[in-house]
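The values are calculated or read from the model by the stated rules, or taken from the named source; none is laboratory data. Remember, it's a predicted structure, so these values are computed and weren't measured experimentally. Using ideal geometry, Cβ is built from the backbone for each residue, glycine included, and neighbour counts are taken over all protein chains shown. Keep in mind that these areas ignore ligands, DNA and RNA; they rest on the heavy atoms of the full protein, side chains included. Shrake-Rupley method; radii C 1.70, N 1.55, O 1.52, S 1.80 Å.
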Amino acid sequence: MTSPSATAERRGRFICLEGIEGVGKSTHLGAVVAHLQARGITTVSTREPGGTPLGEAVRGLLLSRDYPPMHADTELLLMFAARAEHLRHFILPALDAGTWVVSDRFTDATYAYQGGGRGIAVERIAALEDWVQGRVRPDLTILLDADVATGLARAGKRGEADRFEQETVDFFERVRAVYRERARLAPDRYAVVDARRDLVQVRAALLSRIDDLLARSVPGAS
Ligand code: Z5A
């Protein structure tokens, strides 16, 4: 299998929404797509783990509490197995066709959850990232950042917790710390939005970051 080439050589742009649970990724995903579509940009949304029939089946395994505890390495490899499928069968064909792709999570989540949360070495994750993705990286990752108490309180209003949602506050603190550090180290690729604010304020801040990317990518479109 040949390695995917850099996103920069592709016509569409790849945007990811990231953050701990409950910060509003799913809530804002549709608004990002609608915002881009309204500016004449063909856009699709997707999510990880998932995004393809096989990837959604793997997601079921990853979130299920019906199995004995999963080894961290198994979890890591399943994330990248779903991602390989997602990239080849959904993300790259869309970008090649000039379509913009907005994903609810991508590989930053692996660094945050499997790296920060589970303690897997960054080098192992980076090796899998290079192998599965080649040079493909998101053009923009928006980190919706809120303290763990706020995120968990919002997410906790839903039904039964999945396998990740039953993790401890310490786990989510480590996850959040990795996200924030990655954003700090690469400010050109990340935008951090304060997700503690109300929905209207968060959405406005998020869409203004999308407009920045639009202005860089399609002059006159924003
Ligand atoms: N995972 C991983 O470990 N490694 C990886 O590589 C990848 C993923 C890709 C599934 O992801 C799990 O997979 C995830 C990490 C792991 N587990 N965790 N935790 P997911 O994205 O499907 O699951 P999630 O993060 O748990 O989704 P979520 O809890 O739905 O979070 P969200 O999408 O950011 O939140 P939301 O559903 O949009 O909002 C939650 C509630 O808060 C909802 O009622 C909203 O109306 C409310 N909300 C949102 N924003 C606001 C504001 N600003 N004010 C008030 N209320 C708000």
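How would you rank 43-49, 168-174, highest first, on the average number of other Cβ atoms within 10 Å across their residues? Can you show the working numbers first?
On the way: 43-49: 20.3, 168-174: 15.1.
Per-residue mean Cβ counts within 10 Å order the peptides as 43-49, 168-174.
Can you give me the orientation-averaged projected area of the convex hull built on the Cα atoms of the chain, in nm²?
Working: hull surface 47.2 nm².
Projected over every direction and averaged, the Cα hull of the chain covers 11.8 nm².
Build a GNM of the chain with springs between Cα atoms under 10 Å: which of Asp211, Asp147, Asp66 gets the top mean-square fluctuation?
Checking each option, the largest mean-square fluctuation is seen for Asp66.
Give me the percent of the accessible area of the range 15-217 that comes from carbon and sulfur atoms, probe 1.4 Å, all protein chains in place. Please list the in-between numbers first.
On the way: 5050 of 9190 Å².
Answer for the range 15-217 is 55 percent, counting heavy atoms of protein chains only.
Rolling a 1.4 angstrom probe over the protein heavy atoms, how many square angstrom per residue are accessible across the chain? List each step's numbers first, then the result.
Details: 10440 Å² over 222 residues.
Ligands and nucleic acids excluded, the result is 47 Å² per residue.
State, to one decimal in nm, how far the label point of Gln201 lies from the label point of Arg124, with both points 7 Å from Cα in the Cβ direction.
Between Gln201 and Arg124, the simple spin-label model gives 4.0 nm.
Taking 0.36 nm per residue of separation and subtracting the Cα-Cα distance, what length does fully extending His71 through Ser217 add?
48.4 nm
Roughly how many Å² of Glu167 are accessible to a 1.4 Å probe, to the nearest 10?
Its accessible surface works out to 50 Å², give or take rounding.
Among 94-101, 67-74, what's the highest-first ranking by average C-beta atoms within 10 angstrom per residue? It would help to have the intermediate numbers written out before the result.
Numbers: 94-101: 18.8, 67-74: 10.9.
In decreasing order of mean packing, 94-101, 67-74 become 94-101, 67-74.
Considering only C-alpha atoms, what is the centroid distance from the range 7-47 to the range 136-195, in Å?
Spelled out, the Cα-based centre of one part sits 17 Å from the other.
Quick check: convex hull over the Cα atoms of the range 105-222, volume per residue in Å³, rounded to an integer? Intermediate values should be presented prior to the final figure.
Values: hull volume 14.9 nm³, N = 118.
Cα-based convex hull of the range 105-222, divided per residue, equals 126 Å³.
Rank by packing, highest mean first: peptides 104-111, 51-58, 35-42, 158-165, with packing defined as the count of other Cβ atoms within 10 Å averaged across residues. Spell out each step's value before the answer.
Details: 104-111: 23.4, 51-58: 18.0, 35-42: 15.2, 158-165: 12.6.
Taking the mean over residues of other Cβ atoms within 10 Å, the ranking is 104-111, 51-58, 35-42, 158-165.
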